[in-house]
Amino acid sequence: MTAVITDEKIPNNVNLSGDRRLQRALEAWQPKFLEWWMQMGPEGFQADNIYLRTAISVETDGWAHFDYVKMPDYRWGIFLEPKVEGRTHHFGDFIGQPVWDEVPGEHRNMLRRLIVTQGDTEPASVEQQRLLGQTAPSLYDLRNLFQVNVEEGRHLWAMVYLLHTYFGRDGREEAEELLLRRSGDRDRPRILGAFNEPTSHWLSFFMFTMFTDRDGKYQLSALSESGFDPLGRTCRFMLTEEAHHMFVGETGVQRIVKRACELTKQDPNGDARALGGIDLPTIQKYLNLWYTLSLDLFGGEVSSNAADAFGAGLKGRHKEDRYADHTILDSFHTMDLLEDGKVITKDVPMRTALNEVLRAEYIKDCQRGVDRWNKTIKEEGMSFELVLPSPRFHRQIGMWSNACFTPTGEMISRDEWNARRGEWLPSDADEVYVKSLMHPVVEPGKMANWIAAPQKGINGLPGDFEYVRR
Ligand code: BYC
């Protein structure tokens, strides 16, 4: 295995040509992937030249090459970080033993479930974002959308490689299924909740890439610790690509926030909507929505699945090395629980609390992003603060989903929740309003009225560069 990616039909650094059977199986999957991409990928832009980055090596520096490419010609491939000889399990029940290069029989189902769940999110997000290109606020944003889309397609390849290589016939069947489920489809939905939600405009897109892609960062980070070495190595490289997606989300919202402030100040009544902007209270509602949908992606607060995955050495904690105890058999986590309709504080065995531990890391990271948005509001001289709602608010997975809570975490009745929902989450009218602003802006350097210009262009290029050539 080398850091350099070959220029074969399926670009890779895993010596694919050395395994003819696997190569043939993946070459048989490739046209099905392309068919899915043409059907469910960005609609209306497949023949255009997009200024995209493509991975050419897995080195930390110089891994990306930027050039115009038509999306169906994108070099989707299989890139794993090189193997580190002598690596051992560094957490869980097998600690100190050599990591696995083959699937351990007794953990096969759990491992496959993790890989399929991860894999399912990648095409799901492309499907959710399929129509957004038609209303992009600028060529810069249009290009960023497509960059995110092609890389999610590549992340699907990463999981399909693992399924084909290590899981035999049922792996191949799962790889087919990944192309058959559809985001939001009543009969064949995607596996996880947030990936069936409509992403019908750019405010939702930026919130998705801020909050939902950030779940991706933490899940990939936990999987990158895996004692199933091929999974760890593929997730480590995926994280490199993922960073840009969160940048798109955080700066996208920041630019909408900035514009909201400018327009609020310009309007004599302080109403950003009167001047065609998205006002700060509406931004807060979409933050509430996408943040809480993303909190659900960490699973239940107390989870035997999480305990089992850790014990088996398949899924660790974010930056496992930073912890002192890597078996956590005798430790406890103090947390709030909902028991018999009451919130109580209790110690639960640490292994079963690992979804909550990962979620807590994620929340801290989200808060850092929200702090930066608030800094923008302050710089604009406005007194408004965006806040992350309580993790109990608007949950659909885990114990908090069994009761209703306000954004500040107070328990309320179902009736009160129904009456006040529109104060906290986007109403139909908000959705109609935000959608009414979505018109494509295709002149290089120009921006839609509801969003500020980015601070700089992509790859050191100017903002008015022609990122998409039609
Ligand atoms: N929706 O023990 P529990 C990304 C299910 S994002 C629906 O509480 P567990 C990306 C669960 O499957 C990262 N169902 O939780 C971002 C289980 O079902 P079964 C994706 C849910 O299993 C943007 C039951 O509830 N990667 O990469 O410890 C763009 C009880 O589960 C949900 C991963 O998720 C939900 N939200 O944790 C593109 C990593 N939550 O088995 C890409 C792999 C839970 O009883 N997945 N359930 O039928 C995992 O590690 C775990 O499956 C989860 C759930 C963290 C998702």
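The values are calculated or read from the model by the stated rules, or taken from the named source; none is laboratory data. This structure is a prediction, so every number in the text was calculated from the model and none was measured. Every residue, glycine among them, receives a Cβ derived from its backbone with ideal geometry; neighbour counts consider all protein chains shown. Surface accessibility is based on the protein's heavy atoms, side chains included, excluding ligands, DNA and RNA. Shrake-Rupley method; radii C 1.70, N 1.55, O 1.52, S 1.80 Å.
Observations on the model:
- Each Cα pair under 8 Å and six or more residues apart adds its sequence gap; the mean of these over the residue count of the range 334-470 is a relative contact order of 10 percent.
- The range 1-67 versus the range 354-415: alpha-carbon centroid distance in Å: 38 Å
- Pairwise label distance in nanometres, Glu380 with Ser331, each label 7 Å out on the Cα-Cβ vector: 4.2 nm
- Virtual paramagnetic centre 7 Å along Cα→Cβ of Glu59, amide N under 15 Å, in the range 8-46: none
- Under 29 Å of direct C-alpha separation, and excluding same-chain neighbours fewer than eight residues apart, Lys258 reaches these lysines: Lys217, Lys285, Lys364, Lys375, Lys378, Lys435, Lys446, Lys456.
- In nm, spacing of pseudo-spin labels at Asp73 and Asp347 (7 Å Cα→C-beta vector): 6.4 nm
- The sum of -39500 (n - 2.57) across all DSSP H runs of n ≥ 4, divided by the residue count of the chain, sets its helix-only mean residue ellipticity at 222 nm to -15000 deg cm²/dmol.
- Database remark: amide H of Ala136 closer than 5 angstrom to the amide H of Val441 (H placed geometrically; neighbours at sequence offset of 5 or more, or on other chains; Pro and chain starts carry no H).
- Share of Cα-Cα pairs in the range 70-119 lying beyond 12 Å, as whole percent: 77 percent
- Amide H contacts under 5 Å for Ile78, placed H, 5+ residues apart: Asn12, Asn13
- Taking all Cα pairs closer than 8 Å and separated by 6 or more residues, the relative contact order of the range 303-359 comes to 43 percent.
- Rg/Rh for the range 44-134 stands at 1.09; both radii use Cα atoms, and Rh follows the Kirkwood definition.
- Note that the range 448-463 has calculated 3J(HN,Hα) couplings of 4, 5, 8, 9, 7, 5, x, 5, 8, x, 8, 6, x, 7, x, x Hz, one per residue in order, obtained from phi through the Karplus relation 6.51 cos²θ - 1.76 cosθ + 1.60 (θ = phi - 60°); glycine and proline are x.
- When the Cα gyration tensor is reduced to axis lengths a ≥ b ≥ c, the ratio a/c is 1.5 or higher for the chain, and with a/b not above b/c it is classed as oblate.
- Charge dipole of the chain (Cα centre as origin; +1 on each Lys and Arg Cβ, -1 on each Asp and Glu Cβ, all else neutral): 520 debye, rounded to the nearest 20.
- FRET efficiency, 1/(1 + (r/R0)^6) with R0 35 Å, evaluated for Val442 and Asp365 via beta carbons: 0.55
- Element breakdown for the chain at a 1.4 angstrom probe: carbon and sulfur atoms account for 50% of the accessible area.
- From phi via Karplus (6.51, -1.76, 1.60), per-residue ³J(HN,Hα) for the range 155-166 in Hz, x at Gly/Pro: 5, 5, 4, 4, 6, 5, 4, 5, 5, 5, 6, 10
- Relative contact order (%) - the chain, alpha-carbon pairs under 8 angstrom, separation at least six: 18 percent
- Net charge over other residues, Cβ less than 11 angstrom from the Cβ of Gly313 (K, R count +1; D, E count -1): -4
- Accessible surface, per residue, of the chain when the full set of protein chains is kept, probe 1.4 Å, Å²: 42 Å²
- Whole-Å distance, taken between Cα centres, linking the range 428-449 and the range 135-198: 26 Å
- Among 8-14, 61-67, 349-355, the order from most to least packed when residues are scored by Cβ within 10 Å on average: 349-355, 8-14, 61-67
- For His333, residues with placed amide H under 5 Å, excluding near neighbours: Val348, Met350
- Couplings 3J(HN,Hα) for the range 239-244, derived from phi with the Karplus relation 6.51 cos²θ - 1.76 cosθ + 1.60 (θ = phi - 60°), are 4, 4, 6, 4, 4, 5 Hz, where x marks Gly and Pro.
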